[in-house]
1. Just to verify a number: FRET efficiency for residue B:147 and residue A:153, C-beta to C-beta distance, R0 = 51 Å, to 0.05?
2. First check a/c for the protein assembly as shown, with a ≥ b ≥ c the square roots of the eigenvalues of its C-alpha gyration tensor; if it is under 1.5, answer rounded, and if not, answer prolate when a/b is larger than b/c or oblate otherwise.
3. Among DSSP bridges having both ends in the protein assembly as shown, what percentage is antiparallel? Round to the nearest 5.
4. Obtain the radius of gyration and the Kirkwood radius of segment A:181-235 from its C-alpha atoms and give Rg over Rh.
5. Which whole number gives the average, over all residues in B:53-66, of C-beta atoms from other chains lying within 10 Å of the residue C-beta?
6. Would you mind telling me the antiparallel percentage of the DSSP bridges in chain A, rounded to 5?
7. Please give the contour-minus-distance gain from residue A:117 to residue A:6: 0.36 nm per residue of separation, less the Cα-Cα distance, rounded to one decimal in nm.
8. How large is Rg/Rh for segment B:18-261, to two decimals, with Cα atoms and a Kirkwood Rh?
């Protein structure tokens with residue numbers, strides 16, 4: 001389903017003052033959260049205008065996270081695929097192993113600035129939980145991470161990592177026991193402890209200002225990439241590719257390029273066992289607009305508006321909604337969103353491992369699969385920049401289990 | 001005048017606060033809901049808030065989360081909730097009924113279709129937890145066209161500016177959330193609630209009902225002077241969960257609500273003759 005919207009002349013004008021990206025986004029929350037959200041938006045605006053805050057953020061991104069992350073030309077993979085050149089933005093090389101730290105560093109600094117003593121977070125694959133626990137440890141703040149009981153089982157290594165970092169991991173047993181339920185539970189915690197607790201949302205969803213501030217903190221990926229492309233290749237890429245669950249790594253890469261009309265953009269959603277099977281998490285490809293977790297966006301629901309259970313081999317993409325800015329980019333036609341199945345992602349995982357010596361996260365393997373598909377259709381002088389959003393160490397048990405290998 | 005305004009006007013003249021039970025439609029069994037509603041009226045309910053189950057009830061505590069899950073498992077859906085009220089109205093033409101729930105089922109049902117069906121079924125008002133006044137602009141004309149009151153939540157964190165705007169838009173009553181938290185939690189501090197309600201009174205011209213965390217007759221009585229209505233949800237829903245048939249559900253509802261009604265009436269101040 002597509003609700004076509006005329007494209008704007010400037011993509012940097014979104015969101016509006018109340019967090020709307022065209023008809024999407026907004027603040028659909030119970031009254032109690034309206035004031036804390038306004039307080040957060042004000043603190044963020046103030047921080048953005050404070051050179052000291054920005055300098056400290058840059059410093060931490062460089063010396064703690066290890067930025068800039070390189071752009072690596074995957075020549076052997078490109079050769080094997082045949083067609084366009086595949087370039088990888090190596091977010092997997094960041095401290096903690098994924099792009100998620102870009103956002104938690106920023107929100108952690110905001111928490112400290114607002115005088116909050118306790119951090120809460122939701123997590124699916126555990127990458128955002130680990131990134132939140134990391135920042136909390138470094139700032140000396142209490143950290144509680146909500147995680148679906150189902151996800152705890154399939155991501156046990158990350159659960160242990162969070163505990164090593166001093167976080168409390170709370171299993172969520174309501175609903176489908178996955179990321180969406182973890183988000184509900186974190187919201188319930190926040191509304192009950194608003195005076196001293198800072199909620200670090202891990203993706204570009206939730207009520208305003210979260211989709212905007214999570215985007216801004218991740219946009220360092222795209223800003224760097226834009227500069228690196230010119231330095232290394234003398235031009236911008238022909239296409240960007242990133243995986244989309246909630247959509248934080250994708251928006252981080254896409255956003256600084258939105259006004260570069262010649263740069264195409266592709267979001268790879270989790271098509272699971274295939275869109276037709278109903279077992280997938282492709283909300284943009286197969287959903288329709290509704291309201292969940294504080295914003296209006298594309299959702300996977302039954303016809304009564306009850307949010308349905310999703311499926312993906314990668315826990316980090318297993319989410320029935322998607323960031324509202326992606327919904328808007330879909331409707332304006334600026335970005336295309338396509339489904340990648342579990343099998344295609346696994347094949348891409350192996351191809352990248354064997355040709356380039358890189359184990360990608362299963363989430364990022366969806367992007368690699370889409371980059372490979374796209375490369376086949378283009379001449380070999382074209383450049384595709386694919387966001388390798390995380391490393392695959394956390395997924396080796398899952399992959400072994402799927403392939404029937406005892407470790 | 002709609003049923004909600006009529007009821008509050010009548011109670012005001014009697015100097016009694018409204019007793020407002022909340023139950024989740026379809027829980028513990030869709031076949032018992034209408035019987036439960038009648039039992040609540042017999043036990044002294046002045047207005048009923050009927051919960052529309054949703055898969056992701058972000059503002060609700062465990063009791064109402066589980067009630068929603070049970071109701072959904074038994075096939076409850078918005079269309080059937082509306083049908084339950086239609087059935088309730090066959091024998092009760094006077095007790096106001098307000099649907100309480102989340103936006104998404106209404107969005108998927110379609111606003112115009114929902115408002116028309118709700119009105120035709122005898123529903124009087126709608127309280128959408130995740131639809132603050134700021135996001136209600138497109139919804140307001142549709143509800144107004146079908147004369148459904150849109151009821152808003154106010155809370156301890158509502159700023160003066162927002163409260164003023166809310167007071168302008170409020171219909172039926174304003175539901176004051178007694179603490180920053182989720183339904184059914186034990187976080188209510190009476191002194192705080194007294195203070196906030198007094199401040200609210202200066203701005204809000206519609207009646208004010210108070211809820212979240214009110215579980216006992218003693219708590220209801222303690223708030224009777226400050227509020228025009230007392231909402232009791234989780235404590236009742238928790239009791240109803242163990243019902244085994246329609247008759248036992250009715251009995252549980254009656255035994256729960258009736259002592260609260262008696263306690264409230266004992267402290268109400270009838271107008272001097």
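A short reminder: the numbers here are calculations on the coordinates, not readings from a lab. Quick caveat, the model's predicted, so the values are computed rather than measured. With ideal geometry, Cβ positions are generated from the backbone for all residues, glycine too; neighbour counts draw on all protein chains shown.
1. About 0.50, to the nearest 0.05.
2. It is prolate, given that a/c is not under 1.5 and a/b is the larger ratio.
3. 20
4. With Rg and the Kirkwood Rh in hand, the quotient comes to 1.24.
5. Mean inter-chain Cβ contacts per residue within 10 Å come to 6.
6. 30
7. 35.5 nm
8. When Rh is taken as the Kirkwood radius, the ratio is 0.93.
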